[in-house]
Amino acid sequence: MKRAELYVLAGPVGVAAYGLIRLWAKSDGVYGPGFDWQAAHLVALAGMVCFVPGVLALSRLLPRSPWRTGVVILTMVGLAATVVQFGADIVQGLLAVDRAEMSALGADFKDIPGVELAVYDVVPQFFFLGLVVLAGMLAAKRRLPWWSVPLLIVGIVLPVVTLNLLPVAGLAMLVALAPALPALRQQGERAEPPLAVR
């Protein structure tokens, strides 16, 4: 399996793993700060980072155009905000001695002008919007089946209902994007330089 294919799979797997660790951590009624909080958020952060090369690889299945460039930029801006959000959660978990102090640190961070909109409420949604549009463009070019788009939307909406559905959301995203793997593999094979003939 090529590196591009792994990144496309690793992003959704990170979302699902984050959800599973979170559910396990909450089973004792205490979630954060501590090892369980850090483990969940580090896995989520790794998943978001893997989405960066994953999205770039998927975008290369489309012909170059201003639309493709715009969607990639939109998605990357959203991903950057999401990475900052998880990074802030990790730092707050390291600095706080209990849940109350962690919440206070989070509130202080959100009080910085522009942070709540840029890191929490608005800009991170660009990632999900861009991913859905990218999937739609891939479906239009038959690089993804038509059902990938609604399934991806389901995966994005489920955590809005409850974060306890994060494992299902990650699985839905994985199934939605996995049909692009053969095209990514073919693209990788075409990109490999021919062996030198001696």
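If you take the residues of region 127-146 that are in a loop (DSSP other than H, G, I, E, B) and touching a Pro at 6+ places or on another chain (Cβ under 9 Å), which of them is surrounded by the most Cβ atoms within 10 Å (Cβ to Cβ)?
The qualifying residue surrounded by the most Cβ atoms within 10 Å (Cβ to Cβ) is L144.
Which residue out of T69, T75 is over 17 Å from V168 (Cα atoms), within 13 Å of the chain's Cα centre (by Cα) and modelled with pLDDT of 95 or more?
Being over 17 Å from V168 (Cα atoms), within 13 Å of the chain's Cα centre (by Cα) and modelled with pLDDT of 95 or more holds for just one of T69, T75, which is T75.
Would you confirm whether any residue within region 84-105 is over 16 Å from the mean Cα position of the chain (by Cα) and polar (S, T, N, Q)?
Checked region 84-105: at least one residue is over 16 Å from the mean Cα position of the chain (by Cα) and polar (S, T, N, Q).
Tell me, yes or no, whether region 103-113 has at least one residue that is in contact (Cβ under 8 Å) with a residue 24 or more places away in the chain and either outside any loop (DSSP other than H, G, I, E, B) or of a type in the set (V, I, T) (or both).
The answer is no, given that none of the residues of region 103-113 is in contact (Cβ under 8 Å) with a residue 24 or more places away in the chain and either outside any loop (DSSP other than H, G, I, E, B) or of a type in the set (V, I, T) (or both).
Just to verify a result, which residue in region 8-22, among those that are among the small types (G, A, S) and in contact with a Leu (Cβ under 7 Å, 6 or more places away or on another chain), is nearest to G170 (Cα to Cα)?
Across region 8-22, the extreme among qualifying residues is A16.
Report yes if L9 is in contact with a Cys (Cβ under 9 Å, 6 or more places away or on another chain) and in a helix (DSSP H, G or I), otherwise no.
Yes, satisfied.
Just checking, which of A25, A81 is in a helix (DSSP H, G or I), farther than 19 Å from G130 by Cα and out of contact with any Leu (no Cβ under 8 Å at 6 or more places or on another chain)?
Exactly one residue qualifies, and that residue is A25.
Could you tell me which residue of region 28-55 is modelled with the lowest pLDDT, considering only residues that are surrounded by fewer than 19 Cβ atoms within 10 Å (Cβ to Cβ), in a helix (DSSP H, G or I) and more than 13 Å from the chain's Cα centre (by Cα)?
Across region 28-55, the extreme among qualifying residues is F35.
Show the residue pairs meeting these rules: Cβ distance below 6 Å; 6+ apart or different chains; first residue within region 25-37 and closer than 15 Å to L166 by Cβ and without any contact (Cβ under 8 Å) to a residue 24 or more places away in the chain; second residue among the acidic types (D, E) and not in a loop (DSSP other than H, G, I, E, B).
If the second residue must be among the acidic types (D, E) and not in a loop (DSSP other than H, G, I, E, B), the pairs left are A25/D36.
Do you know which residues across region 130-170 are among the aliphatic types (A, V, I, L, M), under 17 Å from the mean Cα position of the chain (by Cα) and more than 26 Å from P182 (Cβ to Cβ)?
V157, L158, V160, L163, L165, L166
In the list A80, A118, A104, A100, which residue meets the criterion of being on the phi < 0 side of the Ramachandran plot, among the small types (G, A, S) and surrounded by 18 or more Cβ atoms within 10 Å (Cβ to Cβ)?
Just one listed residue meets the conditions, A80.
The values are calculated or read from the model by the stated rules, or taken from the named source; none is laboratory data. Predicted model only: the values in this text are computed from it and were never measured. Cβ atoms come from the backbone with ideal geometry, glycine included; neighbour counts cover every protein chain shown.
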